[in-house]
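The values are calculated or read from the model by the stated rules, or taken from the named source; none is laboratory data. Because the structure is a prediction, the values reported are computed rather than measured. Neighbour counts run over all protein chains shown; Cβ positions are idealised from the backbone, glycine included.
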């Protein structure tokens, strides 16, 4: 959930108009609380009648939603404008920073 939430939040903030970003950010923060509420309601109605197995499958539905979003939502215009043509500069940057790190001395 942590990996999906962070990327999804940044994508949503890039796509929404600037005047709505504060409100949308608040809704995203409340997503956890709403999720807990939905899970409690699901437990209240599903578990007593059918047991834990349907709860297990219902819990997997958000993952299917994440797959849908991943494959159907287009990249933001900001990312499209700033994306690099190749990843070679990334490797060079990592190596340059790694070489610049101080070597720890043993006491």
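A compact table of results
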item: Pair list, Cβ < 8 Å and 6+ apart or interchain, from segment 8-20 residues that are over 23 Å from residue 63 (Cβ atoms) to residues that are at pLDDT 85 or above and outside any loop (DSSP other than H, G, I, E, B); result: 16/24
item: Number of the exception - residue 69 against (1) modelled with pLDDT under 85; (2) over 16 Å from residue 4 (Cα atoms); result: (2)
item: Condition broken by residue 6, with the remaining ones in (1) within 19 Å of residue 78 (Cα to Cα); (2) in contact with a helix residue (DSSP H, G or I) (Cβ under 9 Å, 6 or more places away or on another chain) satisfied; result: (2)
item: Listing of helices (runs of 4 or more DSSP H) fully contained in the chain that carry 3 or more residues being surrounded by 12 or more Cβ atoms within 10 Å (Cβ to Cβ) and within 24 Å of the chain's Cα centre (by Cα); result: 2-15, 21-29, 31-50, 52-72
